[in-house]
Amino acid sequence: MKLSFILWLASILPQPAADPLCLATTVYLEARDQTELGQRAVAEVALRRRDSGQWGQSVCEVVTARKQFAPTIVNPGMRMKNLEAWEKAVQVAFQAQHDWTLPVGERNEVVPGASHFAALDIANPTWATAPRVATIGDHTFFRVQRLTPPVMLASGGPAAVQRMAP
């Protein structure tokens, strides 16, 4: 199955039904060769970013934000051939989304506060000097920004919030 097909399918599904598909695709592309813990950590970063609203209001918007996650970096014609890894990525995505519905204090977070990650053996992003949260497999997780959910107005929309440095 081609990446472009999965992203197209996610684009026509109603929200939030598309989010598990987008999250599973990201877990597959970013961490299919990692342990389940590493895959959960990747999913957690995407979910934390979604909650912040800085990269989008849905998981699909977050993981397809320009040059943030693999779905926008790898060739859209890429074939996702490893069915076993895809099935595992789907399981991890659904479980991560379920776990993320728990109140913040009750979540069993793998990389608390991590907003970014990188495989430092192949990439050296400018933000890699930020505080490190954990290294799991090939990925190092960073707290580049202290992400907090946007404040909601009585109208139901997000308010402009000034983020304070930690």
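Where a number appears in this text, it was derived from the coordinates with a stated rule and is not lab data. As the structure is a prediction and not an experimental result, all values here were calculated from the model. Please note: Cβ atoms are built from the backbone with ideal geometry, for glycine as well, and neighbour counts cover all protein chains shown.
Could you please rank Ser115, Ser4, placing first whichever residue has the fewest other Cβ atoms within 10 Å of its Cβ?
Exposure proxy ranking, most exposed first: Ser4, Ser115.
Please list, or write none, the aspartates and glutamates whose alpha carbon is within less than 12 Å of the alpha carbon of Lys88, excluding same-chain residues fewer than 8 places away.
Hits, sequence-local ones excluded: Asp33, Glu36.
State the volume of the convex hull built on the alpha-carbon positions of the range 1-125, expressed per residue in Å³ and rounded to an integer.
Considering the Cα atoms of the range 1-125, their hull volume per residue is 106 Å³.
Check cross-link reach from Lys2 to the lysines: straight Cα distance under 16 Å, and skip same-chain residues fewer than eight apart.
Lys81
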